[in-house]
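Here the structure comes first, spelled out in structure tokens, and everything after it is commentary.
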Amino acid sequence: MLNISQIKLLESKNIFKYLKETSPEWYKNWETIANSYEKTINRGPYFTNIAFAPHDFENHCMDIYKIIDSLIQTDKLGKVINVEEVFVLLVAVILHDIIMAYNPDEREVHSEKAKQYVIEQVYSKNDSILKNCLTRNQAQAVGWIILGHSDLKKEEKIDTLAILPGKGSQPEGTQGEINVRTLAAILRLADELDVTNMRVNGIAIEKYKINEESEIFWNQCNLFKAVRPYFGLTTVIKLDVDEIAYENSGDNIKNIKCIRNVKNKIQDELNNVNRILTEPGYYDGWTLSKVEVNATQEILDLLNEYENKDPFEDDDIIEEKKKF
């Protein structure tokens, strides 16, 4: 069950206010699904023999809700994205990593398996929470959104955004087609942006045998305190460095490489989703196109030095820069 503080936090967000005020029934259905799955998702993949980065509800899903709320400007609600699309998007957030709780070994195809799970639950002859809360078309929409949030790593990588249905073939909702390509792109970007210390807050890494790749991600989260879409004269995503964590680490080279890698990875994903979001008819008025690091001038100078240096040049350049 969601606790009172979680409910209050979510209901303070514009996207949840819009859903609750516009469709109390769908808001109640979202709440029912969240309460039903929260405990399972919180079990998460880090309770298995080989642990992965947190894919829980308490940190990860809550973070994604806050990020989505910051990505979708209030004036777009009801115009670019209708209330049913908000509903299925918020449900997709709950279930997008459900396979990571049930079977982390299927991580490489977890988006495909999660899509199948949602469809099977709703289309089954047996009663279920999802069957009671989603129509079949809404289940199809949730499934497509989940599939699009993560590529499949099979023998060859499959770009899941590219295989989602487009205009004219998307699931029909009560207010027309449910724009699953736009919604999947938003979830995918929000998922990528969950790279701050809030994702690993309160989880003691030393308690778990962490997958090597996930340990790197787990540690890098501690370097960042916020990710902020900024809609001003320029529209950018600001990546805020936690200067205290940076200094406490004491490893400038490792930190600068990490900051650069995270920034570039987010920029690549932003470029990727912009294939959809800037296409006419998918998200009118979408303007985010650049990622910037927000940090002290010293950190920015080191980052600039590293980004511009010869890739074959020794990393001592950063150590020398640190002395002055």
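The values are calculated or read from the model by the stated rules, or taken from the named source; none is laboratory data. Please read all numbers here as calculations on a predicted model, not as lab measurements. Because the Cβ atoms are built from the backbone with ideal geometry, glycine has one as well, and the counts that use them run over all protein chains shown.
Residues that are touching a residue at least 24 places away in the same chain (Cβ under 8 Å), within 30 Å of Ala139 (Cα to Cα) and surrounded by 21 or more Cβ atoms within 10 Å (Cβ to Cβ): does the range 163-170 have at least one?
yes
Suppose we filter the range 187-206 for residues that are touching a residue at least 40 places away in the same chain (Cβ under 8 Å) and touching a Phe, Trp or Tyr at 6+ places or on another chain (Cβ under 8 Å); how many remain?
5
Would you mind finding the one in Thr182, Thr174, Thr160 that is at pLDDT 95 or above and in contact with a His (Cβ under 8 Å, 6 or more places away or on another chain)? Let's see the steps before the verdict.
Numbers: Thr182 fails: in contact with a His (Cβ under 8 Å, 6 or more places away or on another chain); Thr174 fails: in contact with a His (Cβ under 8 Å, 6 or more places away or on another chain).
None of the others qualify; the one that does is Thr160.
Does Asn132 satisfy the condition of being in a helix (DSSP H, G or I), more than 18 Å from the chain's Cα centre (by Cα), modelled with pLDDT of 95 or more and surrounded by fewer than 17 Cβ atoms within 10 Å (Cβ to Cβ)?
Yes, satisfied.
State whether one or more residues within the range 57-75 are more than 18 Å from Thr182 (Cα to Cα) and of a type in the set (Phe, Trp, Tyr).
Yes, because at least one residue in the range 57-75 is more than 18 Å from Thr182 (Cα to Cα) and of a type in the set (Phe, Trp, Tyr).
Filter the range 10-26 down to the residues that are within 21 Å of the chain's Cα centre (by Cα) and aromatic (Phe, Trp, Tyr) and list them by number.
Our first condition is that a residue be within 21 Å of the chain's Cα centre (by Cα); within the range 10-26, this holds for 10-19.
Within the range 10-26, Phe16, Tyr18 meet the criteria.
Residues to consider are Ile64, Ile7; find the one that is more than 18 Å from the chain's Cα centre (by Cα), of a type in the set (Val, Ile, Thr) and assigned by TED's automatic domain parsing to the domain that holds Ile186. Break it down into steps so the answer makes sense when it comes.
Numbers: Ile64 fails: more than 18 Å from the chain's Cα centre (by Cα).
Result: Ile7 is the single residue among Ile64, Ile7 that is more than 18 Å from the chain's Cα centre (by Cα), of a type in the set (Val, Ile, Thr) and assigned by TED's automatic domain parsing to the domain that holds Ile186.
Any idea which residue in the range 11-26 is nearest to Val122 (Cα to Cα), counting only those that are in contact (Cβ under 8 Å) with a residue 12 or more places away in the chain and not basic (Lys, Arg)? Write out each step before concluding.
Of all residues in the range 11-26, those in contact (Cβ under 8 Å) with a residue 12 or more places away in the chain come to 13-16, 18-19, 22-23, 26.
Those still in the list that are not basic (Lys, Arg) too: 14-16, 18-19, 22-23, 26.
Details: Asn14: 29, Ile15: 25, Phe16: 24, Tyr18: 26, Leu19: 22, Thr22: 24, Ser23: 21, Trp26: 16 Å.
My answer is Trp26.
Here are the criteria: (1) at pLDDT 95 or above; (2) surrounded by 15 or more Cβ atoms within 10 Å (Cβ to Cβ). Tell me which single one Asn252 does not satisfy.
Of (1) at pLDDT 95 or above; (2) surrounded by 15 or more Cβ atoms within 10 Å (Cβ to Cβ), only one is false for Asn252: (1).
State all residues of the range 153-210 that are hydroxyl-bearing (Ser, Thr, Tyr), farther than 17 Å from Val227 by Cα and in contact with a strand residue (DSSP E or B) (Cβ under 8 Å, 6 or more places away or on another chain); if no residue qualifies, say none. I'd like the intermediate steps shown before the answer.
At the first step, the residues of the range 153-210 found to be hydroxyl-bearing (Ser, Thr, Tyr) are 160, 169, 174, 182, 196, 208.
This time we only want the ones that are farther than 17 Å from Val227 by Cα, so: 160, 169, 174, 182, 208.
Across the range 153-210, the qualifying residues are Thr160, Thr182, Tyr208.
From Thr234, Thr174, grab the single residue that is over 23 Å from Ile64 (Cα atoms), surrounded by fewer than 16 Cβ atoms within 10 Å (Cβ to Cβ) and in contact with a Lys or Arg (Cβ under 9 Å, 6 or more places away or on another chain).
Thr234
Which of the following residues is assigned by TED's automatic domain parsing to the domain that holds Lys28, assigned to a loop (DSSP other than H, G, I, E, B) and of a type outside the set (A, V, I, L, M, F, W, C): Asn137, Asn126?
None of the other options fit; the residue is Asn126.
So which of Glu38, Glu84, Glu112, Glu106 is part of a helix (DSSP H, G or I), over 25 Å from Thr235 (Cβ atoms) and modelled with pLDDT under 95?
From the options Glu38, Glu84, Glu112, Glu106, the qualifying one is Glu106.
Out of (1) under 18 Å from the mean Cα position of the chain (by Cα); (2) farther than 12 Å from Leu95 by Cβ, what's the single condition that is false for Ala114?
That leaves (2) as the condition not met.
Is it fair to say Ser150 is part of a loop (DSSP other than H, G, I, E, B), hydroxyl-bearing (Ser, Thr, Tyr) and surrounded by fewer than 16 Cβ atoms within 10 Å (Cβ to Cβ)?
no
Tell me whether the range 16-27 contains one or more residues that are closer than 24 Å to Asn201 by Cα and either modelled with pLDDT of 95 or more or touching an Asp or Glu at 6+ places or on another chain (Cβ under 9 Å) (or both).
yes
Can you tell me which residue within the range 207-220, out of those that are touching a residue at least 60 places away in the same chain (Cβ under 8 Å) and under 18 Å from Ser249 (Cα atoms), is surrounded by the most Cβ atoms within 10 Å (Cβ to Cβ)?
Initial filter on the range 207-220 (touching a residue at least 60 places away in the same chain (Cβ under 8 Å)): 208-211, 214, 217-218.
Within this subset, residues satisfying the condition of being under 18 Å from Ser249 (Cα atoms) are 217-218.
Working: Phe217: 18, Trp218: 21.
Per the criteria, the residue is Trp218.
Taking the range 62-75 only, how many residues are out of contact with any Asp or Glu (no Cβ under 8 Å at 6 or more places or on another chain), of a type outside the set (Gly, Ala, Ser) and in a helix (DSSP H, G or I)? Please lay out each step first, then the result.
Going residue by residue through the range 62-75, those that are out of contact with any Asp or Glu (no Cβ under 8 Å at 6 or more places or on another chain) are 62, 65-66, 68-75.
Keeping just the survivors that are of a type outside the set (Gly, Ala, Ser) gives 62, 65-66, 68-69, 71-75.
Pick out the ones that are also in a helix (DSSP H, G or I) and you get 62, 65-66, 68-69, 71, 74-75.
Of the residues in that region, 8 qualify.
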